[in-house]
Amino acid sequence: MRKIISAPTHTLVSLPNPKLAALARVLTDALAHANLTAQNCPARVGVSLEELRRLQHELATIVASAGTDDPERFVAEREGFSLQLMAISARGTPADLSYHEVFRKISSLEDLPPAA
């Protein structure tokens, strides 16, 4: 597991698909066998039983879609003189793009409409 960024409200991590699948299976098993109820789940786990079930469903969906995205993501947007870039790999490292790839992507950007 690799921590990418940890802010006060969110933490972004990169996990190999087999480890994410293992976490999803553990959560599924816990929901089936851990005697969690709507009353005791917040004290035992820190979230409501409904939220824990939603998390299990989200993890299962992510595990089912593993391997469907490119291993690197490069997103660039421009609004006036502001340029927003995201370049990251699935491993949590910077995307490995050449100068020419980045320059071509940035040069093709059109201005976005002004924010409302």
| message | Condition (residue is within 30 Å of Val26 (Cβ to Cβ) and not polar (S, T, N, Q)) applied to segment 92-110: is it met by at least one residue? | response | yes
| field | Tabulated pairs, segment 86-107, first free of Cβ contacts under 8 Å to residues at least 60 places away in the same chain, second part of a loop (DSSP other than H, G, I, E, B) and surrounded by 13 or more Cβ atoms within 10 Å (Cβ to Cβ), C-beta under 7 angstrom, 6+ apart or interchain | value | Ala87/Ala95; Ala87/Leu97; Ser89/Ala95
| Residue within segment 45-63 that is in contact (Cβ under 8 Å) with a residue 60 or more places away in the chain and on the phi > 0 side of the Ramachandran plot present | no
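How about segment 77-104: which of its residues are farther than 20 Å from Leu12 by Cα and not acidic (Asp, Glu)?
Passing the criteria: Arg78, Gly80, Phe81, Ser82, Leu83, Leu97, Ser98, Tyr99, His100, Val102, Phe103, Arg104.
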| message | Taking the condition of being out of contact with any strand residue (DSSP E or B) (no Cβ under 8 Å at 6 or more places or on another chain) and not hydroxyl-bearing (Ser, Thr, Tyr), how many residues in segment 68-93 meet it? | response | 3
| task | Can you give me the ranges of the helices (runs of 4 or more DSSP H) entirely in segment 13-116 with at least 2 residues that are at pLDDT 90 or above and either farther than 25 Å from Arg2 by Cα or open to solvent by 50 Å² or more (accessible area, probe 1.4 Å) (or both)? | result | 17-33, 41-45, 49-64
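The values are calculated or read from the model by the stated rules, or taken from the named source; none is laboratory data. These numbers come from a predicted model, not from an experiment. When we count neighbours, we look across all protein chains shown, and the Cβ atoms used for this are built from the backbone with ideal geometry, even at glycine. We work out accessible area using only protein heavy atoms, side chains counted, and drop any ligands, DNA or RNA first. Shrake-Rupley method; radii C 1.70, N 1.55, O 1.52, S 1.80 Å.
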